[in-house]
Amino acid sequence: MIEPQLLILDEPGEGIQPNIVAQIGEVIRRLIKEDGLTVLLVEQKLPFARKYADRFAIMDRGRRVAEGEIAELSDELIKKHLTV
């Protein structure tokens, strides 16, 4: 695809060494800032999501149950929707 506008990543750091995961995060950040690419990041690791995402959406059974700026991803929302 030439000049994509959207990149979908499903757990890009799964099973990867931590130093490589950090590099992946920096590449994601660079693609967003320098190329204006929109990245849809599907991620279960909250520290990675909090570090590299601008916004979040939590889904439950195919429905969006919470969304907002990443700074709004509170411990209460995490406990309510993401804790097992």
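Every number here is computed from the coordinates shown, using simple stated rules; none is lab data. All figures in this text were calculated on a predicted structure; none of them were measured in a lab. FYI the Cβ positions are ideal-geometry reconstructions off the backbone, even for glycines, and counts take in every protein chain you see.
Would you confirm whether any residue within region 30-52 is closer than 26 Å to Glu76 by Cα, surrounded by 10 or more Cβ atoms within 10 Å (Cβ to Cβ) and among the hydroxyl-bearing types (Ser, Thr, Tyr)? Within region 30-52, one or more residues are closer than 26 Å to Glu76 by Cα, surrounded by 10 or more Cβ atoms within 10 Å (Cβ to Cβ) and among the hydroxyl-bearing types (Ser, Thr, Tyr). In region 42-52, the condition of being closer than 21 Å to Gln5 by Cβ and either in contact with a helix residue (DSSP H, G or I) (Cβ under 9 Å, 6 or more places away or on another chain) or of a type outside the set (A, V, I, L, M, F, W, C) (or both) is met by at least one residue. No other residue among Val27, Val65 is within 22 Å of Thr83 (Cα to Cα) and not in a loop (DSSP other than H, G, I, E, B) apart from Val65. For region 53-84, taking the residues that are under 27 Å from Gly15 (Cβ atoms) and among the β-branched types (Val, Ile, Thr), the one that is surrounded by the fewest Cβ atoms within 10 Å (Cβ to Cβ) is identified as Val84.
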